[in-house]
Amino acid sequence: MTVPVLGAVAAVLAMAGVYLVYTSVAFGWNGIGRRSRYGGSTQKRSFRKEWLERAGFEGARPSELAAAAAVVAVVGAAVAYVLFGGVLPAAIAGVTCGAVPLASYRARRASRNAAAREAWPRLLEELRLLIGSRGRSVPQALFEAGRRAPEEWRSAFAAAEREWLLTTDFARTAAILKQRLADPTADMICETLLVAHELGGSDIDSRLADLIDDRILDLQGRKDATSSQAGVRFARRFVLLVPLGMALAGLAIGTGRSAYETTGGQVAVAIGLLAVVACWLWSGRLMRLPEEPRVFR
């Protein structure tokens with residue numbers, strides 16, 4: 001077996017080992033071996049669920065995320081090894097590529113939630129109409145409005161309605177809806193409706209009106225900020241391709257490939273890859289819009 005083949009095998013094994021260790025610590029995934037029938041402790045499962053929620057992976061299966069990340073990491077490491085002929089650049093490229101499925105899932109989930117958040121003013125206005133003008137009870141108005149909610153939220157409203165039909169406990173119903181939606185606005189609405197249902201009062205219409213105005217202002221501010229960042233986001237993606245193009249050009253000029261295989265070349269490539277990743281993460285953090293905290297979890 002030649003040295004390049006041994007290097008490629010070593011890079012692949014290194015990537016697999018890194019992701020097995022990472023998924024074991026982060027997700028509690030025990031690999032492909034046999035698992036205990038009873039699983040881990042309740043405390044461990046609760047910690048893992050909370051970690052996934054905070055990381056933006058709520059609702060995702062850790063084993064599927066880990067498998068996708070491992071596959072992409074191995075492919076990225078193999079491509080980097082073919083291009084640069086070294087284990088160190090392959091390891092860095094593998095770890096970076098392995099994070100792509102995780103980032104993609106978070107981006108898609110954030111995009112769906114952002115699109116769904118635009119429906120809150122309409123749903124709140126419908127709640128006001130049902131409770132005020134049509135005289136519906138608070139639970140009945142909530143479930144009736146939820147049937148016309150965005151597709152991403154209908155299963156949560158359906159689960160909450162089932163709980164209400166079984167127990168007629170609106171506190172538990174609101175808790176299930178908050179847990180399934182995992183949205184700060186949903187938390188505020190559920191708490192407002194819960195107080196109105198348990199204590200009564202005629203000021204629920206004004207409170208819902210205040211929530212509508214607040215959601216409209218928040219949505220408009222986020223749209224303005226996102227539109228202002230459109231050019232920066234395009235430039236961020238475009239600049240990411242520049243180092244890759246320069247690296248490929250270096251391979252085709254003179255003794256570029258052999259220069260990459262030297263110790264100095266390997267170190268330079270590794271530093272360049274790390275610099276690109278660091279700048280990408282830093283710029284993304286600068287452009288990230290603040291998220292509302294969930295006060296009434």
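At-a-glance table
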read-out	value
Test: residue in the stretch 253-269 that is of a type outside the set (S, T, N, Q), in contact with a Phe, Trp or Tyr (Cβ under 7 Å, 6 or more places away or on another chain), at pLDDT 80 or above and more than 21 Å from Gly76 (Cβ to Cβ)	no
Any hit, the stretch 284-295, residues being under 33 Å from the mean Cα position of the chain (by Cα) and farther than 28 Å from Asp183 by Cβ	no
Positions within the stretch 104-116 being surrounded by 15 or more Cβ atoms within 10 Å (Cβ to Cβ) and over 19 Å from Pro184 (Cα atoms), in sequence order	Tyr105
Residues satisfying the stated conditions in the stretch 178-209, i.e. out of contact with any Leu (no Cβ under 7 Å at 6 or more places or on another chain) and more than 22 Å from Gly135 (Cβ to Cβ)	Lys178, Gln179, Arg180, Leu181, Ala182, Asp183, Pro184, Thr185, Asp187, Glu191
Within the stretch 127-137, considering residues that are surrounded by 17 or more Cβ atoms within 10 Å (Cβ to Cβ) and charged (D, E, K, R), the one modelled with the highest pLDDT	Arg128
Filter result (within 24 Å of the chain's Cα centre (by Cα) and among the β-branched types (Val, Ile, Thr)) within the stretch 217-250	Thr226, Val232, Val239
Of all residues in the stretch 159-216 being assigned to a loop (DSSP other than H, G, I, E, B) and of a type in the set (Ser, Thr, Tyr), the one that is farthest from the chain's Cα centre (by Cα)	Ser202
Residue match in the stretch 138-157 (condition: surrounded by 16 or more Cβ atoms within 10 Å (Cβ to Cβ) and under 16 Å from Glu292 (Cα atoms))	no
Answer from Arg154, Arg148 - the residue that is free of Cβ contacts under 8 Å to residues at least 12 places away in the same chain and either closer than 24 Å to Arg109 by Cα or assigned to a helix (DSSP H, G or I) (or both)	Arg154
Residue match in the stretch 117-126 (condition: in contact with a Phe, Trp or Tyr (Cβ under 7 Å, 6 or more places away or on another chain), surrounded by 16 or more Cβ atoms within 10 Å (Cβ to Cβ) and either small (Gly, Ala, Ser) or farther than 24 Å from Pro243 by Cβ (or both))	no
Lone qualifier among Pro184, Pro243 - being assigned by TED's automatic domain parsing to the domain that holds Leu127 and either of a type outside the set (Gly, Ala, Ser) or exposed (fewer than 15 other Cβ atoms within 10 Å of the Cβ) (or both)	Pro184
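The values are calculated or read from the model by the stated rules, or taken from the named source; none is laboratory data. What you see is a predicted model; the values in this text were computed from it and never measured. Virtual Cβ from ideal backbone geometry, glycine too; neighbours counted across all protein chains shown.
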